[in-house]
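See structure below.
Each reported figure results from applying straightforward, stated rules to the coordinates on display, with no laboratory input. In this text, all values refer to a predicted model and were calculated from it rather than measured experimentally. We place every Cβ from the backbone using ideal geometry, glycine too, and count neighbours over all the protein chains shown.
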Amino acid sequence: MYELTNTYLKKCRLRKGLSQVQCAKVLGCSSQFIANTERYVSLLPLDKLKVYIKLIGADRNKVIELLLSDKEKEYRSLLWRIT
C-alpha cells in the first residue's frame with residue numbers, strides 16, 4: 001500500500017547503518033512492526049513517523065511526496081474497480 005514511501009524509508013535506514021531492532025527501540029515498537037512497514041503491510045503512525053524520519057535522516061519533503069503518490073495509486077486502483 002505504501003510501497004514507494006516504505007522503500008525510500010528502508011533505503012535511508014540502511015544508508016544510516018541502523019538495524020530494525022535499533023530503530024524499534026527508539027520508536028518504542030517491535031522490530032516486527034518495522035519489518036512489516038518495510039514489507040508494505042503498514043505505515044508507522046504519524047507521531048512515530050516524524051521521529052523515524054529524523055532518526056534515519058530521510059528528507060521530510062520527499063516522504064510527503066511519496067506518501068501522496070502512494071495514496072494516489074491506491075485511490076486510482078480503487079476507483080477503477082468501481083467503474
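In whole percent, what relative contact order does the range 2-75 give with Cα contacts below 8 Å and a gap of six or more residues? Each step should come with its number before you reach the end.
Working: 61 pairs, mean separation 34.3, N = 74.
Rounded, it is 46 percent for the range 2-75.
Fewest to most neighbouring Cβ within 10 Å: what's the order for Glu38, Glu3? Show your work: numbers first, answer last.
Numbers: Glu38 17, Glu3 14.
Ascending Cβ contact count within 10 Å gives the list Glu3, Glu38.
For a test of the definition: using alpha carbon positions, the gyration tensor, and the 1.5 limit on a/c, classify the chain as rounded, prolate or oblate. Present the calculation step by step, with values, prior to reporting the outcome.
Details: a/c = 2.45, a/b = 1.87, b/c = 1.31.
Prolate, because a/c is 1.5 or more and a/b exceeds b/c.
With unit charges on the beta carbon (Lys/Arg positive, Asp/Glu negative), name the residue among Val63, Thr37, Val26 whose Cα is farthest towards the positive pole of the charge dipole of the chain.
Val26
Only helical DSSP H runs with n ≥ 4 go in: add -39500 (n - 2.57) per run for the chain, normalise by residue count and round the 222 nm mean residue ellipticity to 500 deg cm²/dmol. Provide the component values of the computation, followed by the final result.
Numbers: 5 runs with 64 residues, N = 83.
Per the formula, -24500 deg cm²/dmol.
Could you put Asp47, Asp59 in order, starting from the residue whose Cβ has the fewest other Cβ atoms within 10 Å? Show your work: numbers first, answer last.
Numbers: Asp47 9, Asp59 12.
Lowest to highest Cβ neighbour count: Asp47, Asp59.
What are the aspartates and glutamates whose alpha-carbon lies under 12 Å from the alpha-carbon of Lys71, with same-chain residues fewer than 8 places away excluded?
Answer for Lys71, where 12 Å is the Cα cut-off: Glu3, listed by chain and number.
Give me the distance in nm between label points sitting 7 Å out from Cα along the Cα-to-Cβ direction at Glu72 and Glu3, one decimal.
1.6
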